1. Can you tell me how the stretch 3-320 classifies by the Cα gyration tensor, rounded, prolate or oblate, using a/c under 1.5 as the rounded cut?
2. To the nearest 20 Debye, how big is the dipole of the stretch 564-677 about its Cα centre, given +1 on the beta carbon of each Lys and Arg and -1 on that of each Asp and Glu?
3. Size of the dipole of the chain about the Cα centre, Lys and Arg at +1 and Asp and Glu at -1 on the beta carbon, nothing else charged, in debye to 20?
4. For the chain, take the longest principal axis of its alpha carbons; what is the angle in degrees between that and the long axis of helix 347-360, to the nearest 10 within 0 to 90?
5. Can you classify the chain as rounded, prolate or oblate using the Cα gyration tensor, where a ≥ b ≥ c are the square roots of its eigenvalues, rounded means a/c under 1.5, and otherwise it's prolate if a/b beats b/c and oblate if not?
6. If one computes the Cα centroid of the stretch 338-417 and of the stretch 288-312, what distance in Å separates the two points?
7. Using alpha carbons only, how many angstrom separate the centre of the stretch 244-282 from the centre of the stretch 627-661?
8. Which aspartates and glutamates have a Cα less than 17 Å from the Cα of Lys129, not counting those fewer than 8 places away in the same chain?
Amino acid sequence: MSVRYIESKKTFLLQTKSSTYQMKISDYGYLLHLYYGERLEDEDLSYLIQLQDRGFSPNPYEAGNDRTFSLDFLPQEFSSDGSSDYRLSSIEIKNGDGSYAFVGKVAKHQIYSGKYHLAGLPSLWTTEKDTADTLEIWLTDAVTQLTVVLCYCVLEEKDIITRSVRVINQSEDTIYLNRIMSMTMDFMDSDYDFIHFDGRHTMEREWSRNPLACGIQTVGSFRGASSHQHNPFAVLCESAANEDYGRCYGFSFVYSGNFMCKVEKDQYDQTRIVMGIHPKHFSWQMKPGESFTAPEVVLAYSGQGLTHLTHLYHNVYRENLCKSPYAKKERPILINSWEAAYFDFDEEKLLKIAGDAVDMGVELFVLDDGWFGNRNNDNAALGDWDVNTAKLPRGLKGLSDEIHAMGLKFGIWIEPEMVSEDSELYRKHPDWCLQMPRRQPSRGRYQLVLDLSREDVRDYIVTSINGVLGSARIEYVKWDMNRFITDAWSAIAEKEKQGEIYHRYILGLYDIMNRIILTHPEVLFCGCSGGGGRFDPGMLYYQPQIWCSDNTDAVCRLKIQYGTTFVYPVSAMESHVSVCPNHQTGRTVPIKTRGVTAMDGILGYELDSTKMIQEEKQICREQIQSYKKDYALIAEGDYFRLTNPYTFMEYVAWEHVSRDQKEALISLVIMEKEANDAQRCVKAKGLNPGMYYQVEEMEGHFSGQVLMSAGLPVPNGLLQYEAIQYHIRAI
Ligand code: DGJ
């Protein structure tokens, strides 16, 4: 078993293929963290706990005259609150007597094979191929009887440990859970860099790396979605770590709503990191006997740098996360109508775009926003999911039939979580949106957010969207969300439960996705929130791909995709070739480069194909052929970031390598260009040093060792924003 309890030492030992996690029940019953890192055999690491009398670090009463035991510096698995630990707390409870304390001591534990289940929440699942074992440890407060169950699942072969927490109110009082972190991890040192992914609308997941400084650093979202601004993924790595070297710890939160990740470097140069639902505006009422389940954090450890950490996540997210059968299928090449037509289209125009796209090798036509109600701009009609017959006189069915007759699949855009004030739905049910009493709600893109905490609202959405899906042959759906939540107040919740609305919204979202997406396994769903405003593992549980960003500029995309790849597989990133000058930046980039960049994801097009010249169409045709030929390599191969666009300005390069190392594809885009500049060579990674390869774009044969050590010359003649690809195949 990959999980064991060693009674004589009172230690818990979790073993993955290459990592070890160890904990210990201390004197007095507290659960201490001993170690997470490179795999060790059965050694007892209890010696790492060094007790000492430290001034102003309080001692639990039961320690008596022993002044060396203090929760203020001991490494823990789940910190108590309101007693002697002043560092970041894992929990905040308002007890029935008004006190805020929770002091959890180990009451019992159980170990079983298989994975724990999180009701109503997405989480990793296991297949027969996986060895998975679960450890649950009950921490109970002796006074209130409140219990926190720490859940750990070890996916041994995948080198992954998942964590979650269940709170059970075993007390006799109604209590309020005001903060619950799904994961707390203490390190006895602090020589780490904190890597996180920040941004804004149209510039998501920008890489950020800083050494830990004394005090607390926070990333998170209280926008009601995981957000463009911060992603629920973070890395702590030793300061010398790079792509190929060093200890790196990944923390990925399987949740789509408000989240918080905080790292504290404390007075003794130790580190605590916590991750969970953002406590802002969170207060969960728990009556006696009720329990609360916190979402999952997926942990990975790499002793060989960031690339290996990435591979661990890509592997497990490709195989153990998404429920859609499409997760493992080749995705069709699509053309999307948004940047081609925005709201200004009719059936004839769409059919022309589709007709020209077929000719390029496109396989799926996606009708974006604007096909329903009186949706002629973004002011109106969200919530009214009836086709706009002025634009589409023969309905979705008529259009879909025509599209299919051309040999294409057909897809649509929806935004089910929203309502426009100018809509039949809002006129009929103004109380169905989130808004506070006596206040006008904030608008975002003119729209309001439906109250997904309500069952009647969810039922309406499920019925109307399932109705749309049944009205025509629809093989793809883009599920958008174009504003974040404000005014989180539900017309039907009691006032003591209003602090639950943000989380209940997400539970409601998962409920409707279960009832819409998982009941249509034949449909490929793509997530979207103004591009990448909700790009997280929670959404990837339902939707195998997500529209990476509303920014289609290939040069900006290089950074956006660079950041995204640290944790999310290429098969999750939908990426399109659009027109130039680019609609977001005005930049002009060769069409080849736009294609090479979009091929670093699920390739699609988003332009008016009727306005393309023959030469451009031919380039796209070739792009599609080449992408389809290399699809398995790109979507399932190992991913290597060959450059960092934030620190190396000359070019951006990345590589896909097949699992058997017989094929590789290096893509490179020239960034800052100087005249008569230096000769560069791009060095491959991940090849078999002893294997011989042919490089399609070059003469001769090369060993893997040569390609990785000496590299391939970057042609000097390439101009700024030009791209090149090297197709490498074993001979
Ligand atoms: C935001 C999306 O990211 C765009 O691609 C497009 O679908 C618009 N919404 C439509 O309103």
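1. rounded
2. Numbers: 12 positive and 17 negative charges, 56 e Å.
For this selection, approximately 260 debye.
3. Working: 74 positive and 100 negative charges, 92 e Å.
Using only the charged Cβ atoms, the result is roughly 440 debye.
4. For helix 347-360, the angle is close to 90 degrees.
5. Numbers: a/c = 2.15, a/b = 1.27, b/c = 1.70.
Cα axes put the chain in the oblate bin.
6. 40
7. Using only Cα atoms, the two centres lie 28 Å from each other.
8. Within the straight-line cut-off, Lys129 pairs with Glu156, Glu157, Asp159, Glu319.
Every read-out reported here was derived from the displayed coordinates using simple, explicitly stated rules and does not represent laboratory data. Remember, predicted model here, so these are calculated numbers, not experimental data. When we count neighbours, we look across all protein chains shown, and the Cβ atoms used for this are built from the backbone with ideal geometry, even at glycine.
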